[in-house]
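Down below is the structure, laid out as structure tokens.
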Amino acid sequence: MIARVWKGAVRKEDSEAYSEYMQETGVAGYAKTPGNRGVWMLRRDVGERTEFMMFTLWDSLAAVKGFAGDEYERAVFYPEDERFLVERNLTSTHYEVDTHVQPVDPLRSSSGPSPDPR
């Protein structure tokens, strides 16, 4: 599994509009690409700006290329990005996922006492 990370920043007053725009463009584009395993759009306010980090998981580099093209390290931009972004990484960073632990689903865990280990 491959993790893809990209970062950019907008003026704080544009953060809600950019978030909505990214949900319609980037998030939707990631999610509909075969081999995508999840999309997280992270954000934090820093001074007068809001930083956005896109974190996505993919089955393979081939799946990443299905989204980003053969030059998969190059960041993917959308038509209105120029209007919003005041900082942006021109490349995305990729990592092999070394360890992944699924959270315990409390609805599937037993509510009764544990069996006696004897």
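Computed quantities for the displayed model
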| read-out | value |
| --- | --- |
| Qualifying aspartates and glutamates (Cα of each under 14 Å from Cα of LYS32; at least 8 residues distant if same chain) | GLU24, ASP59 |
| Most to least packed among 31-40, 4-13 [average Cβ atoms within 10 Å] | 4-13, 31-40 |
| Whole-number accessible area per residue in Å² for the chain, which is evaluated in the context of all protein chains at 1.4 Å | 69 Å² |
| Linear extension gain, LEU107 paired with ASP59, 0.36 nm per residue minus alpha-carbon span | 14.6 nm |
| Most to least packed among 15-21, 55-61 [average Cβ atoms within 10 Å] | 55-61, 15-21 |
| Solvent-accessible area, 1.4 Å probe, carbon plus sulfur percent, for the chain | 50 percent |
| Per-selection Rg to Rh, region 26-100 - Cα, Kirkwood hydrodynamic radius | 0.97 |
| Inter-part distance where region 1-39 and region 42-105 are each reduced to a Cα centre, Å | 7 Å |
| Calculated on alpha-carbon atoms, Rg and Dmax of region 1-61 in Å | 12.4, 37 |
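The values are calculated or read from the model by the stated rules, or taken from the named source; none is laboratory data. Bear in mind the structure is a predicted one, so any value in this text is a computation, not a measurement. Note that we place each Cβ from the backbone using ideal geometry, even for glycine, and neighbour counts take in every protein chain shown. Heavy atoms of the whole protein, side chains included, go into the accessibility calculation; ligands, DNA and RNA do not. Shrake-Rupley method; radii C 1.70, N 1.55, O 1.52, S 1.80 Å.
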